[in-house]
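Everything on this sheet refers to the single structure shown next.
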Amino acid sequence: MKVIFLLLKIILFPLYGLYYAVIFLRNWLFDVGIMKSVSPKVLTINVGNLSLGGTGKTPHVEYLVRLLSDKYKVSTLSRGYGRKTKGFIVADNQASAETIGDEPMQYYLKFKNKINVTVCENRVEGVEEIGRKLGDNQLIILDDAFQHRKIAPYFNLLLSDYNKPFYEDSLVPFGRLRDIRNSAKRADAVIITKCPSLLTKQEKATIRNAVLAYTKADIPVFFSKIHYQEITGYTTKNVFETTKNIGVLTAIAKPEVFVKYLSEKNLSIGKIFDFPDHYAFTRKDIDKVLGESHESLQLITTEKDMVKLKPQLSENEIKRFFYVPIEIEIENKTTFDTLINSKIHSFYQKISH
């Protein structure tokens, strides 16, 4: 096995080297100004990462929405990964995961009365369209735009998974990074996500030092953990029974974390159905899952998967489906909230002069 792995590394090394060179050159061209970045006139806060996914961007975007939407007119702007549409779209009552993507659809279902949810594959165009079509907008939260150098957010928030931090990871195909580690220097703050409940001061100091080896000097480093809420039925009539067997159905980047959580609740997991991240479930997929599980099996999904599955289920099928909403808890929450609010205050002071 070690020999095969070594051979694969040798075979893939030229691809790795080429990818590294392309990413490095592209970043250098932006850094020296040969390729241009646009700094929007509107306040933009980006929530992004250096990896291919699985760092918890969605609950962190939701955290910012809860923090800011009562004080400002907020819009979220996402690419809308996996949608079957193109161009700029403002979510409305006809929106679905197919038209705007699963994560934006989750934002819309939760916050449609508080914010505007928008999608556009071109972030610069998306910001401009928000300005044209949503005139009262005051703040845009960019979902996953760290690698989009054509736009320069006012505040760049970099997320990194505690279980595989960027400073210990490698570019694909040898790792999960889609950008080089040194790109962390564009971050204005870093959050280490999915942390265990207890981190020692020594461990946090070690992580901070490792992060600061790649970032600007003395930028703040925060730590967050996932807070799983109660298992919730797809309809209010559903009552989850802890004594029954469950099946786990996911289409997320790192399903093992979700499965581990359910296992630690002493739930009896009978089946695991694992699909690729952002997978667009079809009716055929649902029939296969239902066909391979006993009718008494309760099926638990993530909230992101729920928004794609629920519209396709019959009234009878939906009784078997449950999901787990999540939020994040940020250590030193007051310090983090103060930082965000002070950055917003600084922005508005700057443009008023």
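The values are calculated or read from the model by the stated rules, or taken from the named source; none is laboratory data. It should be emphasised that the depicted structure is a prediction, and the values quoted were computed from it without experimental measurement. Cβ coordinates were reconstructed from backbone atoms using ideal geometry, including for glycine residues, and neighbour counts include every protein chain displayed. For accessibility, only protein heavy atoms count, side chains too; no ligands or nucleic acids. Shrake-Rupley method; radii C 1.70, N 1.55, O 1.52, S 1.80 Å.
It is to be established whether one or more residues within the stretch 320-332 are within 30 Å of Q94 (Cα to Cα) and at pLDDT below 90.
No: the stretch 320-332 contains no residue that is within 30 Å of Q94 (Cα to Cα) and at pLDDT below 90.
Which ones in the stretch 259-283 are of a type in the set (S, T, Y) and open to solvent by less than 50 Å² (accessible area, probe 1.4 Å)?
Residue satisfying the conditions is Y261 alone.
Looking at the stretch 48-60, is at least one residue in a strand (DSSP E or B), among the hydrophobic types (A, V, I, L, M, F, W, C), under 21 Å from A184 (Cα atoms) and open to solvent by less than 40 Å² (accessible area, probe 1.4 Å)?
Looking through the stretch 48-60, none of the residues is in a strand (DSSP E or B), among the hydrophobic types (A, V, I, L, M, F, W, C), under 21 Å from A184 (Cα atoms) and open to solvent by less than 40 Å² (accessible area, probe 1.4 Å).
Only residues that are within 16 Å of G291 (Cα to Cα) and either outside any helix (DSSP H, G or I) or not acidic (D, E) (or both): list them for the stretch 310-321, please.
Within the stretch 310-321, Q312, L313, S314, N316, I318, K319, R320, F321 qualify.
Look at E256 and say whether it is surrounded by fewer than 19 Cβ atoms within 10 Å (Cβ to Cβ), in contact with a His (Cβ under 9 Å, 6 or more places away or on another chain) and either not small (G, A, S) or not in a strand (DSSP E or B) (or both).
In short, no.
Suppose we filter the stretch 64-95 for residues that are open to solvent by 70 Å² or more (accessible area, probe 1.4 Å), closer than 30 Å to T335 by Cα, assigned to a loop (DSSP other than H, G, I, E, B) and out of contact with any strand residue (DSSP E or B) (no Cβ under 8 Å at 6 or more places or on another chain); how many remain?
Total satisfying the criteria: 2.
Restricting attention to the stretch 271-305, which residues are farther than 27 Å from V61 by Cα, in a loop (DSSP other than H, G, I, E, B) and not small (G, A, S)?
Result: T282, E292, H294, E295, L297.
Take the stretch 237-251 and flag every residue that is assigned to a loop (DSSP other than H, G, I, E, B) and among the small types (G, A, S).
A251
Given the options I300, I351, I286, name the one that is open to solvent by 60 Å² or more (accessible area, probe 1.4 Å) and of a type in the set (A, V, I, L, M, F, W, C).
After ruling out the rest, the residue left standing is I351.
When the stretch 121-166 is examined, which residues are found to be surrounded by fewer than 18 Cβ atoms within 10 Å (Cβ to Cβ), of a type outside the set (A, V, I, L, M, F, W, C) and not in a loop (DSSP other than H, G, I, E, B)?
E125, E128, G131, R132, K133
Of all residues in the stretch 182-207, count the ones that are buried (at least 18 other Cβ atoms within 10 Å of the Cβ) and in a helix (DSSP H, G or I).
Of the residues in the stretch 182-207, 4 are buried (at least 18 other Cβ atoms within 10 Å of the Cβ) and in a helix (DSSP H, G or I).
Among (1) under 30 Å from K225 (Cβ atoms); (2) open to solvent by 40 Å² or more (accessible area, probe 1.4 Å); (3) of a type in the set (D, E, K, R), there is one condition K36 misses while meeting the rest; what is its number?
Unmet for K36, out of (1) under 30 Å from K225 (Cβ atoms); (2) open to solvent by 40 Å² or more (accessible area, probe 1.4 Å); (3) of a type in the set (D, E, K, R): (1).
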